[in-house]
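Everything below concerns the one structure shown next.
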Amino acid sequence: MGISLTENAARHVQSCLQGRGKGEGVRLGVKTSGCSGLAYVLEFVDEADNSDQVFESHGVKVFIDAKSLSFLDGTQMDFVKEGLNEGFKFTNPNQKGECGCGESFTV
C-alpha cells in the first residue's frame, strides 16, 4: 500500500524544503510515547538511508524505516488548518485508538 500525501501536505513539505534550501524529502516514523503507546515522528531527510523504504506522492519523497512501516502502511498524510491551528493530520488504517489529547495512538 505505502504512504501517500494529499496535495496540501505535498505543497507544505515542498515549501519547507525550499525554505531550508536543501533536503530530499521527509522521514515519517513512529516512536514509543504518550498514554496510548505510539506517536508520529516527522523530520527532514538530507541524505537517504539505504534501509529506508521510499514512497513518492505529488512529487515529494517520504522515507520510512522498516520497523515503522508495519505501523504506517496505508497512511495518508494531510496538512490542515483549523481555526488558528495548522499541522499534519494522519489517516492511518492501522490505528485502533488514540489518547484524548490526540498526541499518541495505538494499533
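The values are calculated or read from the model by the stated rules, or taken from the named source; none is laboratory data. Just so it is clear, the model here is predicted, and its values are computed rather than measured. We place every Cβ from the backbone using ideal geometry, glycine too, and count neighbours over all the protein chains shown.
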Among the numbered conditions (1) surrounded by 15 or more Cβ atoms within 10 Å (Cβ to Cβ); (2) among the aliphatic types (A, V, I, L, M); (3) at pLDDT below 90, tell me where residue 45 comes up short.
-> (3)
All positions within the range 59-76 that are crowded, with 22+ Cβ neighbours inside 10 Å and in contact with a helix residue (DSSP H, G or I) (Cβ under 9 Å, 6 or more places away or on another chain) | 62, 64
Return the residue satisfying two criteria in turn: it lies in the range 56-78 and is touching a residue at least 40 places away in the same chain (Cβ under 8 Å), within 10 Å of the chain's Cα centre (by Cα) and not in a loop (DSSP other than H, G, I, E, B), and of such residues it is nearest to residue 11 (Cα to Cα).
-> 78
Conditions: (1) assigned to a strand (DSSP E or B); (2) out of contact with any helix residue (DSSP H, G or I) (no Cβ under 9 Å at 6 or more places or on another chain). Residue 49 meets all but one. Number of the miss?
-> (1)
Mind checking which residues of the range 9-32 are over 13 Å from residue 45 (Cα atoms), under 13 Å from the mean Cα position of the chain (by Cα) and in a helix (DSSP H, G or I)?
-> 9, 10, 12
Taking the residues in the range 11-42 that are loosely packed, with under 15 Cβ neighbours inside 10 Å, at pLDDT 85 or above and in contact with a strand residue (DSSP E or B) (Cβ under 7 Å, 6 or more places away or on another chain) as candidates, determine which candidate is farthest from residue 79 (Cα to Cα).
-> 20
